[in-house]
Each structure stands twice: as structure tokens, then as C-alpha cells.
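Okay, so here's the structure we're looking at.
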Amino acid sequence: MEKLKKYISVKDDQFYHQGAVELLVFNFLLILTILTIWLFKNHRFRFLHETGGAMLYGLVMGLIIRYATKASDVESGTVYECEKLKSGPSTLLINITNQVYEYQYKREISHHNVNGHQGNAMLQKMTFDPSIFFNILLPPIIFHAGYSLKKRHFFRNLGSILTYAFLGTAISCIVIGLIMYGFVKAMVHIGQLKGWEFHFTDCLFFGSLMSATDPVTVLAIFHELHVDTDLYTLLFGESVLNDAVAIVLTYSISIYSPKENPNAFDAAAFFQSVGNFLGIFAGSFAMGSSYAVVTALISFMHLTKFTKLCEFPMLETGLFFLLSWSAFLSAEAAGLTGIVAVLFCGVTQAHYTYNNLSPDSKMRTKQLFQFMNFLAENVIFCYMGLALFTFQNHIFNPLFIFGAFVAVFVARACNIYPLSFLLNLGRKQKIPRNFQHMMMFSG
């Protein structure tokens, strides 16, 4: 207990210093990434994209942090039994020699992953945090995708994009779920899994996560190489929309819960999930569009001189940015999906609000969202590289990983080729076979 008490006091003293070190690590990785981007562009190097470089730098930094930092204390990684507790409380108060300390729930940890690094504050802070990702890093990327959309090409291919994004994502989810369920059954048969550890709904849940394509690197290379506009638009539109579809689909599957047998089909639960899917998507669309309409009305009032805000471009840009972010946060607070809300907020604002802004605000908003998109993307790729070694709860299973690769390739093929064939029956400008190959592989 004395050791634990001493450890806690030292930890309090080092808290602010560690925060500065953690920010410095990310700062250093971003500086390195920007210098690499400049080098790649200067020498026209196209064999590795800058996002891959950012992930590689994060991987190396994660490796250094994981194995260069020592375990914080001899007590770290020790499991204390609390037999009186029947459930996991969100906050735990512990009395250590008449001093009460507060601990908060972070996540569940598998027994075989408990180690001496468990209490290491540096590794904990560097581990991927979903709240930071969803609330801070993701909104500017999705908003910029909608705000910078080439509307003419997008709406000309809207039917095909919606088919790939909605129907294709659902097909991919089901195919991945079925293939993975077969691999899970094989793992149960050879004794690598227990029968109750994975159900069919779990495999569908995994399928919905894997069905979201985000070919940031491919799109960036397409942009640099000036590929066909229709190919770029089809891939871009699908990747932007199917992220939102996959997130809503994931939520719908998570609430699908047959009462008796999780592997059985429950019609009531299924239709409830479909209803929730449609309701969440429609509500999120309405939320994002309503914020965009409010912003458009405010900007119109500026333009017609009802207010004097247009005379202060900094304030106008600030209000535009905060209202756009509010669309995401309001949707999340209301139990909807902020991704759909902020995407359609960006699309609507690009069409209605942008033209009503003052010339200075037009330039500032465009540069602001472009910069935030660039920064957020590179932070995410660095974050992903770091997470491989800093995340302390990995479970590696070679058969499951192999099955996932097979399932993703098969599901992507089942998505693109049959849907392209059906779409070409009604399209005047057909989707060529080489476009289909590129969409399949890049997705």
C-alpha cells in the first residue's frame, strides 16, 4: 500500500509534463509528415503516398514508446479481486490507508493481455481514443468532403453512387458476415474458439465495420494523376456515403437482439433494426440540412445588409464553422449519426451558404476546412500507426485474420461487379470493365 501511495503522488506530479511530451510526439510526427509530403511532391515520388508515410512514422514511434518505456511500477499489471462487486461501476472509490482515490472505467481487458505496462500513462494516452476520433478528427474530414464536392458530376452519377453506397454496403456486410461465420465455425471445430464466444450477429457486426471504404490514399493519387472524372466521382461518392451507411448499419445490428437464440432469425427484431436504420438516417439528414438552412439564412441576412456581420469576416467565418460543427454534435447528442448530418450539412452549405458569404469569408472558409481536413487525416494515419504497439488489448488470431482478408475481397467483388452490370442496363454512359476493376481494388 505504501508503494501504491508513493506511486500515486509521483504520478500527480508528472501529469502535466507527460501531457506536453504526448503533444510533442504528435507535433513531431506531423512535422515529419509535412516534410515528407514536400519531398514526395518535389521529386514526384508516387510509389508511396504521404498517408502511408504518416502511418509508417506512427508505427515506428509506437514501437519506440512501447519498448523504450519501462513499466511504471511493480504494482502495475497486478489484478486485485473484488468479489463483492457484481458489475463494473463507471467510477470506483478506493480507500488506501485512510486516503480515498477515484478511478474511472476505461475498458475491459482480456486476462492474457494484462502486463506490467498496464499502468503506463504514456501508453494509455497514445492509445486510440474513439471519443477524440469521432468528435474532433472525423467531422472536419466528412464536412470537407461534402463542402468541396463537385456537384455536377456527383448528381449526374447520384443513382449509381447511392446504389453502391446503400445496396453495395448491405451486400458486402452480409457476404463478410456469412464468410466469417464459416471461419468462426471452423475455429470452434478445431478448438480455437468456444461456441458461445461468437454468434452470427457478431459476424454481421464485423461485416458492417469492414464494409466502409475510405480510400483516402487512392483518391489523393487519382487527383494528382487527373484520372477520369466519372471514375473519381463514383469512388469518392461511394466512399463518403458508405461510411455513414456502415455506421448506421453497425448501430442497427448492435440493437438487433433475438431473445431466445442469438443465432436464430427474429423477424420482429429484424424489422425493428430496419426501422431504426431508416429513422436514424432520415433524422440525421434532416438535422444536417436544417443547420445548413439556418446558416444560409444568416448569410443571406449578411448579404442584404440586415446585419453588419459581413463587415467582420473573422466573426462570419467563426460563426459558419461553429454552426457546421454543431450539426455533428447535435445529431450525436440526439442519438442520431453525426457523420450523415455533417456530410449533408456540408453539401447543402456549399450550394446555398457559400455564395452568400463575403469574398474574404469565402476564401477563409475554403482554406480553413481544407487545412483542417489535411491535418485531421494525417493525425489519424499517425494515430493508426501508433495504435498497433500502444494498444494494450490486442488479440491476434491468424485464421480469423486470413478469413477477414478473404471475406473483404470476395464481398467487394460481390458488391461492384453485379451492381455495375445492373446499373449499365440503364446508364447511357456505361461503367467500363477497367473502371470496375479499379473500383473493386481501390475500395
**Message:** modelled with pLDDT of 80 or more, more than 26 Å from the chain's Cα centre (by Cα) and surrounded by fewer than 20 Cβ atoms within 10 Å (Cβ to Cβ): which single residue out of Asp228, Asp202 fits that description?
**Reply:** Asp228
**Request:** Would you mind telling me which numbered condition in (1) within 27 Å of Pro398 (Cα to Cα); (2) within 15 Å of the chain's Cα centre (by Cα); (3) at pLDDT below 80; (4) not acidic (Asp, Glu) Ser131 fails?
**Result:** (1)
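Could you identify the single residue in Thr97, Thr69 that is open to solvent by 50 Å² or more (accessible area, probe 1.4 Å), in contact with a helix residue (DSSP H, G or I) (Cβ under 9 Å, 6 or more places away or on another chain) and at pLDDT below 80?
Details: Thr69 fails: open to solvent by 50 Å² or more (accessible area, probe 1.4 Å).
Just one listed residue meets the conditions, Thr97.
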**Prompt:** Any chance segment 136-157 includes a residue that's out of contact with any Asp or Glu (no Cβ under 8 Å at 6 or more places or on another chain), at pLDDT below 85 and of a type in the set (Ser, Thr, Tyr)?
**Reply:** yes
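Looking at Phe374, Phe344, Phe369 in this structure, which one is assigned to a helix (DSSP H, G or I), under 20 Å from the mean Cα position of the chain (by Cα) and surrounded by fewer than 19 Cβ atoms within 10 Å (Cβ to Cβ)?
Phe374
Among the residues of segment 384-398, what is the count of those that are assigned to a helix (DSSP H, G or I) and either among the β-branched types (Val, Ile, Thr) or open to solvent by 50 Å² or more (accessible area, probe 1.4 Å) (or both)? I'd like the intermediate steps shown before the answer.
Going residue by residue through segment 384-398, those that are assigned to a helix (DSSP H, G or I) are 384-390, 398.
Imposing the further condition that a residue be either among the β-branched types (Val, Ile, Thr) or open to solvent by 50 Å² or more (accessible area, probe 1.4 Å) (or both) reduces the set to 384, 388-390, 398.
Residues that pass the stated criteria total 5.
The values are calculated or read from the model by the stated rules, or taken from the named source; none is laboratory data. Just so you know, these numbers come straight off a predicted model, no measurement behind them. As a convention, Cβ positions derive from the backbone with ideal geometry for all residues, glycine included, and neighbour counts pool all protein chains shown. These accessible areas exclude ligands, DNA and RNA; they are computed on the full protein's heavy atoms, side chains included. Shrake-Rupley method; radii C 1.70, N 1.55, O 1.52, S 1.80 Å.
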